[in-house]
Structure formats: C-alpha cells, structure tokens
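Heads up: the structure comes next, in structure tokens.
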Amino acid sequence: MGYVPPPTPQHGLEEGPVLLKDGRTALLRRASKKDLPLFVEFLRRLSPTSLRLRFFSPISPEKAAELLLSAKPEEEKVTLVVLLGEPPRIVATGEYVRVKGEDTAEVAFLVDDAFQGKGLGTLLLERLALIAAKRGVRRFQAFVLAENKQMLSVFMESGFRVRAHREGGEVEVEFEILMEEETARRFEWREKVSTIASLHPFFFPRGVAVVGASRDPESIGYRVLENLIFGRFQGPVFPVNEAIGREGGTVGPLLAYPGLESVPGPVDLVVVAVPKERVPEALEAAGRRGARGAIVLTTGFTPKEAQALADKARRLGMRLLGPGSLGLVHTHPGVRLAAGLAPLPKEGVLAISSQSGTLGRAVLAFAEEMGLGVASFVSLGAKADISSNDLLQFWEEDERTRVILLYLEHFGNPRRFSRLARRIGKKKPILAVHPSRDPLVRALFAQAGVVRANSLEEAFDVALLLAQGPLPENGRVRLISNASGPSNLALEALKEGGMEVEHVDLGSTADLEAFRRALAEAEASDAGSVFLLFVPMGFAPEEEVLGLLREVRGGKTYLACLMGLSSGRARVLGSVPVYRFPESAAIALARAWGYRRWREEPLFFPDFQDLRLEEARRLVEGKRALSREEGEALLRAFGLSLGEEEGLRLRLLAEPHPLFGPVLVLVLPTPLGDQVLEQRLSPLTAKDAEELLRPLAGRVEGLPAYKELVLRVSRMLEELPQVERLLLELSGPRVAAFTISLRAD
C-alpha cells in the first residue's frame, strides 16, 4: 500500500472560506475566548434536544459556552467555528481535546438545528482530523448517545475505519485518523459536491438580473442584455436600473425594475455593471434578494478591494466571479447563457477559462475560426473568489466537456491545483498556457499531467486534435507524405516528442490512388496514429485528397497537413484535424501522445514502513535549531543512510516554496559553480522521483537507491512542515553532510 497525501483545502486548513453541501458560503476559523457572546447566542438558538445530545444532560447556554471555550493546562485543545451571515453568526462548532503525551484525542461537534444535513459536521471532522494528524495525534474517539443517529452517521460515513462499542445508552466510537485512499477519496468527493452546488447558479440559473442595465447601446449594461437576448437564454432576464425602473420604463423589449427587491421572478445570478463605488451596494441588494451568484464586470479594484468584495459576497451567501470579469457563457441547449460581454459561441466540447478578459475575447474568436465549439467559457478577472480550481471540479463532472483549456497568469493555490489536475487529468485532458518560464511552473504541469503549451496557438492545435478523435494508442506514427522538405520538419518534431515514425514517402508525383493505398495500409498497420502530409503538386486532385480525409472512419488517431490549402492555422475536415504547417500538426500529436503516456502511468506515492514519525516529530517540536546529534537522529528516523561511499558528489536541496509548497532540487557542484540538474514539487510519486533523477542516467550506478532517498526526503517535507530548509551533501546515495533549518515559529 502506498502513501496517501492528505487533501489540500483550497483555502487555509484552520481559517478561510468553506462551502456547505448545498453550495452556500461560510467562514471557518479557530475560536477564541473573545467569541463567548457569539457562542452564547449560537447555543440559545439550539433546541433543548440538540443541547442534550451534545452535553448528555440539560445545561444553560451560558454554561455550555464556557465549557466549549475552556481548556485544562495539560490539554491540547483545538476548537473550530463555522460562521455565516451578515453580521456573522456561529452555525457550527467542533473540537478535539488531547491529553499531553497521548496520541488519542476526543472529538465532538455541534451544528445549528437549521443547518443540520448541510455537511457541516463532516467538514469539521475532516478539518480537525487533518490538523490533529499534523500534530502527532493518531486516533480520535467520541462518546455519542445511542439516539444521536445523525452524529453516528457522520462518523460511519467519514471514510475512516470506525469501531463502535455500545454500552447502555452510549456509543463509544474510535478510529485511526491516518489518511487512507478511501478516506481521501471521500474527502475529495464531498468538496466536489459542495463546489459544484455553489457553481450551479452560474451555469444553470433560473433567472438572471442585470444591475446597471442601460438604454445606451454603447454601455456595458446594454451589451450584456443584448448578449443574453441574442443568445436566447432559456429563462427570464430582468434589467435593473433605478432611474428607468422607477418611471416604469423598458430597456429594449424588457420591463426594467428600480431595484432587485422589486424583481418578481427567480434571481439566481446577478450581473453587476455599475460604477466601482456602487458595486458593494449592488452585492448587498443581491444578497438580500437571495441570489446565489454574482458576476462583477466592473474593473479598477485593487487586490485588497477585490478581496473585500469577495468576503462581502461570502457573508451574504453568494459566490463571486470577478471583479473585472468578462462574464460567463454556457452553450448547454437547455440554458444558452451569455452572461457578460462575450456573445454565445458555437456549441462544442471545449471548456475555457481565462484570467484576462481581453484575451478571453480573442480566445473565443480563435476557437470559432478553427471550428472548435465551446461547452462553456469563464473569464475569472481578479479571481477574488471563483478560481480555475473550482471550475476544474465542475468540468470534471460536465458530460459535455471533453477538453479543458486554461489560460493562467498566476496561481492561487498551486498545490490544490496539482492535486485536482492529477485526478481530473486521468479522465479529461487539461491544456494550460502560462506566460511564465519559471521551471517550477513547468514541473507543476509535468507532474500534474497538464499539457503545457508554449502559446495559445499551440494550445488550440492540441485542443483540436484532442477534441476530434481517440488518443494515440501507441507511440508509433505512420507519416504519409509527398514532399521531402515539409516531411523533414514533421519528422524532427515527432521524434523530439518521443514518437517512433514510419515514414512513407510517396514522392512528388504521387497520384490519388497512391494516397488511397497508403492510407489503407496505414489503417491496417500497428501504428497508433496516421499523419497525412499533402502538398499540391498537380498529380493528385486536391478536392479528391480532401475527400479521402472525409471518408476516414478508423479507430486510430488521424491528422493531416494540407499545405497551401488551409485558410487558417487549423480546421476540421470530417473528423480529421487539418493543419496548415507540418510542425504544428507534429507538435500537437506529440503532446497528445505525451498526455496518453502520463494518463496510463499510475499515481503511486511509495510508502516506507520503517519511518519513525513520532520520534521525528518529538525531535523538532518547539525547537528553532537542532544539534548535530539531533539532526542525524532525524535523518535516521526517515530511513536515510549516513556516511561516505564512492560515487558522484551531489547536493539535494529541499525547501518549502511560499506558493508551490516543498520543492526538491538536484544540484551538481562544479568548479564553475552549482549546476541545477532538475527540480520537482513534493509530494513525489514514483514517476516524479524518476524524472528528478533522469539527468543521472548513465552517470551513476544504483539509481533505485537514489530514488528511495529522494522519496524519503519528500515524505519528510510532507510530514514535518517545521523543516524550513534541508541541504544534503550526497556521497553516492548516502548523506555525507547536512544542514537542517527549522521555522522560527
């Protein structure tokens, strides 16, 4: 059995926004004694039954609040609260209490009667388990009244291996909180359910209101209404404009309303197109109206101001797209939504996310030019709330989406992105364009199975191929051509992409029958892909060669380059992607094959049974530095061999990056300075470790020993966040010298 990395929440583990099972927003944070009035108010709202089930006997709200916030000196106690509304009120609380020196903690939680069944008990249990495990707790126990079926259900369905023992009217529950595959799967599934529910009002709104609707054809509000109407949105649209609505006027054919409170129909989604200073007021009105989603098109917000808007939206129970968003389109025939400044595109299988609004317009135009239909498009803008990580989870379950294309300018939570992409990429290809040439970004994409494109044009080349046919069955490609120069360009690009090429050169005088025969032979061959490269020479009628492509029905991956015939960069002919240039086609095919190889590789994180994790945690607990003896003991606790042996001298640097998390860097010392050979992000799979060590192939013996070493170091970084920096001087696969730095906090 392998190691299972704990789930990574989108926001902070102990503090940050969370989602209820129905998609509503809330805030999670640690409780403090200053929260006593909030606790009293929360407990006063509870029914006597809920209080009795939690405290086993009648108790006053004031006394219960003091108990929940108190802790004995010998105890380690963590208390979390979930707050909702404006002003915030507690709707759930959970805690674990651990007696010093023990590896077991007692856990309990309490949920507002009105919010039971919303997943809050499960959410608190998950977060408490993740926090406790990082602090050395191995198991949870709880004492529950036998009649408290709902609480027992939370434990039993958690994914942990729960043991329950009933004695009289009480049930004692106990379980290990070490992460296992099924536990992690359920954690991820529950978060996905909540995320999809929170995005449902954006993609399937029952009604849309446009705040800032205008009669001026040049205004943003008018253009938003125009796109909604011309896109034939399958629901009511409500223009909101105080001046027009008060007079009982209309905007175009639609009756306008002075405010959201006067709108008669359902309003799930609000599009905000008002001046910057009026946006907070519009959000408050949307919250009062019960809207669940807001798209803010208004620009000009600083990052701090944008975050304040997102916080306000969450307190009002809404999710926010933007500010500075171009909008959202969803081509589902039952929705036909163009909520923003982008008109509804042709329906298709491509889902697109862009942080840049202006670039988003260009991307949609490019997709249309290539004949690529769109399932949905989202412009993230400032990305103050909804991010590409949210969208990935929605598109994972969207049956209409077959290919995902992301334009990313910066990451909010790259560790979360990596985990999601690794999971979703096993089902659907994810293409990404990122302007940075940072090697860490390259490593992130490579490890997560994301197909990284060097440009938007390249991304669409690959998307066109992935959207049309099956992935290459193997790395062999049959290249059929009638021109040596262009075929040489294709050959080099294919070989560079790791493909084996069987080149069939028909010669410049090849006629239609030669092409027909070559295609038939290719279909019968064991090649996984067939690449037809045709240059008009006057011997094979162009239209008839095109007809051969329209007749293709095989199960292989087909693509073509028709030089001099394509009007644009690429298009689809029948079911075959057709490119203008041979390198474009070859690179697209090589990228598709690379993705297929990654998808077939199991995501395996090796585990080691000889790790002494408790000893390791005790060595670093509460310390700012380690003595040499303590450092050696720490390395041995993770099974690292110390000493000298013959072999290449290397350095392995391991340190947490503030954005990407722990990074492992393999360095070769030289007289001219240190040479970085490769780097990868932790946690490492077995394949990641091999990729990190690839530069050593042929230079050292015993690569498996090096592989085990880097995997053990990766595990140390995951288990001990206190380790700020680790530098190992390697003599062969043994540690000859080391430097360990701990976090000051």
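The values are calculated or read from the model by the stated rules, or taken from the named source; none is laboratory data. Everything numeric here is computed off the predicted structure, so don't read it as measured data. Here Cβ is always computed from backbone atoms with ideal geometry, including for glycine, and neighbour counts include all displayed protein chains.
Give me the residue from the range 205-236 that is in a loop (DSSP other than H, G, I, E, B) and of a type in the set (D, E, K, R) and, out of that set, nearest to VAL267 (Cα to Cα).
In the first step, residues of the range 205-236 are kept if they are in a loop (DSSP other than H, G, I, E, B); the result is 205-207, 212-219, 231-236.
Imposing the further condition that a residue be of a type in the set (D, E, K, R) reduces the set to 206, 215-216, 218, 232.
Values: ARG206: 7, ARG215: 21, ASP216: 24, GLU218: 25, ARG232: 17 Å.
Filtering first and then ranking leaves ARG206.
Would you confirm whether or not the range 583-598 contains a residue that is aromatic (Phe, Trp, Tyr), out of contact with any Pro (no Cβ under 9 Å at 6 or more places or on another chain) and part of a helix (DSSP H, G or I)?
Going residue by residue through the range 583-598, those that are aromatic (Phe, Trp, Tyr) are 593, 595, 598.
Now drop any that are not out of contact with any Pro (no Cβ under 9 Å at 6 or more places or on another chain), which leaves 598.
Those still in the list that are part of a helix (DSSP H, G or I) too: 598.
Yes: the range 583-598 contains one or more residues that are aromatic (Phe, Trp, Tyr), out of contact with any Pro (no Cβ under 9 Å at 6 or more places or on another chain) and part of a helix (DSSP H, G or I).
Within the bounds of the range 649-664, is there any residue that is in contact with a Ser or Thr (Cβ under 8 Å, 6 or more places away or on another chain), more than 29 Å from PRO414 (Cα to Cα) and either of a type in the set (Phe, Trp, Tyr) or not assigned by TED's automatic domain parsing to the domain that holds ARG422 (or both)?
Yes; the residues of the range 649-664 include at least one that is in contact with a Ser or Thr (Cβ under 8 Å, 6 or more places away or on another chain), more than 29 Å from PRO414 (Cα to Cα) and either of a type in the set (Phe, Trp, Tyr) or not assigned by TED's automatic domain parsing to the domain that holds ARG422 (or both).
For the range 264-287, name all the residues that are closer than 18 Å to PHE204 by Cβ and outside any loop (DSSP other than H, G, I, E, B).
Taking the range 264-287 first, the residues closer than 18 Å to PHE204 by Cβ are 265-271, 286.
Within the range 264-287, LEU269, VAL270, VAL271, ALA286 meet the criteria.
Tell me which residues, restricted to the range 1-50, are within 20 Å of ARG319 (Cα to Cα) and of a type in the set (D, E, K, R).
GLU15, LYS21, ASP22, ARG24, ARG29, listed by residue number.
Can you confirm whether the range 710-721 contains a residue that is touching a helix residue (DSSP H, G or I) at 6+ places or on another chain (Cβ under 8 Å) and surrounded by fewer than 16 Cβ atoms within 10 Å (Cβ to Cβ)? Reasoning before the result, please.
Within the range 710-721, the subset touching a helix residue (DSSP H, G or I) at 6+ places or on another chain (Cβ under 8 Å) is 710-711, 714, 716, 719-721.
From what's left, surrounded by fewer than 16 Cβ atoms within 10 Å (Cβ to Cβ): 721.
Yes, the range 710-721 contains at least one residue that is touching a helix residue (DSSP H, G or I) at 6+ places or on another chain (Cβ under 8 Å) and surrounded by fewer than 16 Cβ atoms within 10 Å (Cβ to Cβ).
Can you pull out every residue in the range 136-162 that is closer than 13 Å to LEU53 by Cα, touching a residue at least 24 places away in the same chain (Cβ under 8 Å) and either part of a helix (DSSP H, G or I) or basic (Lys, Arg) (or both)?
Taking the range 136-162 first, the residues closer than 13 Å to LEU53 by Cα are 142-152.
From the residues that got through so far, the ones that are touching a residue at least 24 places away in the same chain (Cβ under 8 Å) too are 142-148, 150-151.
Result: GLN150, MET151.
Counting only residues that are acidic (Asp, Glu) and farther than 23 Å from ARG743 by Cβ, which one in the range 625-651 is surrounded by the most Cβ atoms within 10 Å (Cβ to Cβ)? Walk me through it before giving the result.
Of the range 625-651, the ones acidic (Asp, Glu) are 629-630, 632, 644-646.
Restricting the remaining residues to those that are farther than 23 Å from ARG743 by Cβ gives 644-646.
Values: GLU644: 11, GLU645: 13, GLU646: 7.
Out of the qualifying residues, it is GLU645.
Take GLU691 and decide whether it is closer than 26 Å to THR8 by Cβ, surrounded by fewer than 21 Cβ atoms within 10 Å (Cβ to Cβ), touching a Lys or Arg at 6+ places or on another chain (Cβ under 7 Å) and not assigned by TED's automatic domain parsing to the domain that holds GLY101.
On the way: closer than 26 Å to THR8 by Cβ: yes; surrounded by fewer than 21 Cβ atoms within 10 Å (Cβ to Cβ): yes; touching a Lys or Arg at 6+ places or on another chain (Cβ under 7 Å): yes; not assigned by TED's automatic domain parsing to the domain that holds GLY101: yes.
Answer is yes for this residue.
Looking only at the range 319-336, which residues are of a type in the set (A, V, I, L, M, F, W, C) and either over 17 Å from PHE301 (Cβ atoms) or assigned to a strand (DSSP E or B) (or both)? Talk me through it step by step, then tell me what you get.
So the first thing to find is which residues in the range 319-336 are of a type in the set (A, V, I, L, M, F, W, C), and the list is 320-321, 326, 328-329, 335.
Of everything in the range 319-336, those that are of a type in the set (A, V, I, L, M, F, W, C) and either over 17 Å from PHE301 (Cβ atoms) or assigned to a strand (DSSP E or B) (or both) turn out to be LEU320, LEU321, LEU328, VAL329, VAL335.
Scan the range 683-690 and tell me whether some residue there is more than 26 Å from the chain's Cα centre (by Cα) and modelled with pLDDT of 95 or more.
Our first condition is that a residue be more than 26 Å from the chain's Cα centre (by Cα); within the range 683-690, this holds for none.
No.
Filter the range 408-428 down to residues that are at pLDDT 95 or above and more than 10 Å from the chain's Cα centre (by Cα) and give me whichever is surrounded by the fewest Cβ atoms within 10 Å (Cβ to Cβ).
Restricting to residues being at pLDDT 95 or above and more than 10 Å from the chain's Cα centre (by Cα), the top hit is LYS427.
Which one of VAL620, VAL663, VAL667 is surrounded by 14 or more Cβ atoms within 10 Å (Cβ to Cβ), more than 28 Å from PHE417 (Cα to Cα) and aliphatic (A, V, I, L, M)? Can you show your working first?
On the way: VAL663 fails: more than 28 Å from PHE417 (Cα to Cα); VAL667 fails: more than 28 Å from PHE417 (Cα to Cα).
Testing whether each residue is surrounded by 14 or more Cβ atoms within 10 Å (Cβ to Cβ), more than 28 Å from PHE417 (Cα to Cα) and aliphatic (A, V, I, L, M) leaves just VAL620.
Which one is surrounded by the fewest Cβ atoms within 10 Å (Cβ to Cβ) among residues in the range 531-572 that are within 34 Å of the chain's Cα centre (by Cα) and free of Cβ contacts under 8 Å to residues at least 60 places away in the same chain? Break it down stepwise before answering.
To start, the set of residues in the range 531-572 that are within 34 Å of the chain's Cα centre (by Cα) comprises 531, 555-560, 568-572.
Adding the requirement that they be free of Cβ contacts under 8 Å to residues at least 60 places away in the same chain leaves 531, 560.
On the way: PHE531: 28, ALA560: 23.
So, considering only residues that are within 34 Å of the chain's Cα centre (by Cα) and free of Cβ contacts under 8 Å to residues at least 60 places away in the same chain, the one surrounded by the fewest Cβ atoms within 10 Å (Cβ to Cβ) is ALA560.
List, please: which pairs have Cβ atoms under 6 Å, are six or more places apart or on different chains, and start with a residue in the range 632-645 that is under 12 Å from VAL735 (Cα atoms) and at pLDDT below 95 and end with one that is part of a loop (DSSP other than H, G, I, E, B) and not acidic (Asp, Glu)?
Going by the 6 Å Cβ cut-off, the qualifying pairs are GLU645/GLY732.
Take LEU20 and decide whether it is farther than 24 Å from ALA132 by Cα and either modelled with pLDDT of 95 or more or small (Gly, Ala, Ser) (or both). Break it down into steps so the answer makes sense when it comes.
Values: farther than 24 Å from ALA132 by Cα: no; either modelled with pLDDT of 95 or more or small (Gly, Ala, Ser) (or both): yes.
No.
Criterion first (under 30 Å from GLN468 (Cα atoms), hydrophobic (A, V, I, L, M, F, W, C), outside the structural domain of VAL272 (by TED's automatic domain parsing) and within 24 Å of the chain's Cα centre (by Cα)) does VAL335 satisfy it?
Working: under 30 Å from GLN468 (Cα atoms): yes; hydrophobic (A, V, I, L, M, F, W, C): yes; outside the structural domain of VAL272 (by TED's automatic domain parsing): yes; within 24 Å of the chain's Cα centre (by Cα): no.
No; evaluated as a whole, the condition is false for this residue.
Any chance you could count how many residues in the range 179-199 are within 16 Å of LEU128 (Cα to Cα) and part of a helix (DSSP H, G or I)?
7
If you go through the range 671-707, how many residues are in contact with a Gly (Cβ under 8 Å, 6 or more places away or on another chain) and assigned to a helix (DSSP H, G or I)? Break it down into steps so the answer makes sense when it comes.
Initially, the range 671-707 is screened for residues in contact with a Gly (Cβ under 8 Å, 6 or more places away or on another chain), giving 681-682, 700-702, 705.
With assigned to a helix (DSSP H, G or I) added as a condition, the list becomes 705.
Matching residues across the range 671-707 total 1.
What is the one condition in (1) modelled with pLDDT under 95; (2) surrounded by 18 or more Cβ atoms within 10 Å (Cβ to Cβ) that SER57 does not satisfy?
(2)
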